[in-house]
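S.K.: I'd like to ask you about the structure that follows.
The values are calculated or read from the model by the stated rules, or taken from the named source; none is laboratory data. Here the structure is a predicted model, which means the values were calculated and not measured. No Cβ is skipped: glycine too gets one built from the backbone with ideal geometry, and neighbour counts run over all protein chains shown. Remember, those area values only see protein heavy atoms, side chains included, never the ligands or the DNA or RNA. Shrake-Rupley method; radii C 1.70, N 1.55, O 1.52, S 1.80 Å.
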Amino acid sequence: MLGTKERQGFLKVFCIYALLICIGFIYLNPILHMISRSFMSLNDLLDSSVNWIPSAIDLSNYAQAAKSMDFWRSLGMSIIIAGVPTICNLISCAVIGYGLARFEFPGRNVVIGIILFTFILPTQITMISTYLLYTNMGIIGTLWAFVLPSLLGMGINAPIFILIFWQFFRQVPKVLIEAAQIDGAGYLKSFFKISLPSAAPAIITVSLFSFVWYWNESY
């Protein structure tokens, strides 16, 4: 029941799985309830006796939602609005993170400190000034309001992405870069052939978080 050094006991395993099931139910219950409601007709929704299982499967809700939302066009535009700035974020943040990790220059620590400060600074403080700047530039209501900042390493939550790349590129052994330079590789070739492939976990992390944050961005 209590287990040994080589094997977990039944009591411990039971407690772990019971806790995981309870936590999973808390997260899954609203989702399952929403899915169940989406298949109900209006009569089932108004009937208090119908809770989880609809009296009949009704798919008209999906058809009406897709028609009223212009679903496919909205989905395509959402992918473009979230995808293009994400790619720009990846490029700019990777380059900036590599520069901070590999090059020694005066004030580097100050730059890293400023990046940290911009991440801590609430966006509500700069909201009005940002809106006025974008209005003067004529990019309000266009994709450029997302693309231009992300190209310059100032996209949504870009400071944390820069720090992620900076941390990963610091872990790449310098001897690999030096060996590549001895073989005739320049800075760009060393970046694309050695450093960037080793940062695959950082690329995946930044891509996922950036895409989701751009997708959910509304203000």
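S.K.: Answer yes or no: is there a residue in segment 4-23 that is modelled with pLDDT of 85 or more, surrounded by 11 or more Cβ atoms within 10 Å (Cβ to Cβ) and not in a helix (DSSP H, G or I).
M.R.: No, that holds for no residue.
S.K.: Follow-up question, since we're still on this one. Mind listing whichever residues of segment 130-160 are of a type outside the set (A, V, I, L, M), on the phi < 0 side of the Ramachandran plot and open to solvent by less than 70 Å² (accessible area, probe 1.4 Å)?
M.R.: In the first step, residues of segment 130-160 are kept if they are of a type outside the set (A, V, I, L, M); the result is 130-131, 134-136, 138, 141-142, 144, 146, 149-150, 153, 155, 157, 159.
Those left that are additionally on the phi < 0 side of the Ramachandran plot: 130-131, 134-136, 142, 144, 146, 149-150, 155, 159.
Those that are of a type outside the set (A, V, I, L, M), on the phi < 0 side of the Ramachandran plot and open to solvent by less than 70 Å² (accessible area, probe 1.4 Å): Thr130, Tyr134, Thr135, Thr142, Phe146, Pro149, Ser150, Gly155, Pro159.
S.K.: Let me spell it out: the conditions are (1) surrounded by 17 or more Cβ atoms within 10 Å (Cβ to Cβ); (2) among the aliphatic types (A, V, I, L, M); (3) assigned to a helix (DSSP H, G or I); (4) out of contact with any Gly (no Cβ under 9 Å at 6 or more places or on another chain), and Leu163 meets all of them except one. Which number is the exception?
M.R.: Exception for Leu163: condition (4).
S.K.: Here are the criteria: (1) buried (at least 17 other Cβ atoms within 10 Å of the Cβ); (2) at pLDDT 85 or above. Tell me which single one Arg102 does not satisfy.
M.R.: (2)
S.K.: Same structure, new question: Are any residues in segment 42-81 more than 24 Å from Thr142 (Cα to Cα), among the hydroxyl-bearing types (Ser, Thr, Tyr) and touching a helix residue (DSSP H, G or I) at 6+ places or on another chain (Cβ under 8 Å), and if so, which ones?
M.R.: Passing the criteria: Ser55, Tyr62.
S.K.: Can you tell me which residue within segment 166-207, out of those that are open to solvent by less than 80 Å² (accessible area, probe 1.4 Å) and assigned to a loop (DSSP other than H, G, I, E, B), is farthest from Ile80 (Cα to Cα)?
M.R.: Selected residue: Gly184.
S.K.: Follow-up. On the basis of being of a type in the set (Ser, Thr, Tyr), farther than 15 Å from Glu217 by Cβ and in a helix (DSSP H, G or I), does Thr126 make the cut? Break it down stepwise before answering.
M.R.: Values: of a type in the set (Ser, Thr, Tyr): yes; farther than 15 Å from Glu217 by Cβ: no; in a helix (DSSP H, G or I): yes.
The answer is no for Thr126.
S.K.: Follow-up question, since we're still on this one. Residues in segment 34-41: is at least one surrounded by 11 or more Cβ atoms within 10 Å (Cβ to Cβ), touching a helix residue (DSSP H, G or I) at 6+ places or on another chain (Cβ under 6 Å), at negative phi and assigned to a helix (DSSP H, G or I)?
M.R.: yes
S.K.: Now for a separate question. Which pairs do you get when a residue that is small (Gly, Ala, Ser), found in segment 100-115, comes within reach of a residue that is outside any helix (DSSP H, G or I) and open to solvent by 40 Å² or more (accessible area, probe 1.4 Å), reach meaning Cβ atoms under 9 angstrom, with the pair 6+ apart or on two chains?
M.R.: Pairs that qualify, where the first residue is small (Gly, Ala, Ser) and the partner is outside any helix (DSSP H, G or I) and open to solvent by 40 Å² or more (accessible area, probe 1.4 Å), are Ala101/Gln171.
S.K.: Among Ile53, Ile125, Ile114, which is the only one that is open to solvent by 80 Å² or more (accessible area, probe 1.4 Å), over 30 Å from Trp166 (Cβ atoms) and more than 19 Å from the chain's Cα centre (by Cα)?
M.R.: Just a single option satisfies the conditions, and that option is Ile53.
S.K.: Could you tell me which of the residues Ile203, Ile182 is farther than 22 Å from Asn109 by Cβ, out of contact with any Phe, Trp or Tyr (no Cβ under 8 Å at 6 or more places or on another chain) and either basic (Lys, Arg) or in contact (Cβ under 8 Å) with a residue 24 or more places away in the chain (or both)?
M.R.: Values: Ile182 fails: either basic (Lys, Arg) or in contact (Cβ under 8 Å) with a residue 24 or more places away in the chain (or both).
Answer to the check: Ile203.
S.K.: Moving on to the next point. Checking Ser210 against (1) in contact with a Ser or Thr (Cβ under 6 Å, 6 or more places away or on another chain); (2) more than 16 Å from Gly99 (Cβ to Cβ); (3) in a loop (DSSP other than H, G, I, E, B), which single condition isn't satisfied?
M.R.: Ser210 satisfies every listed condition except (3).
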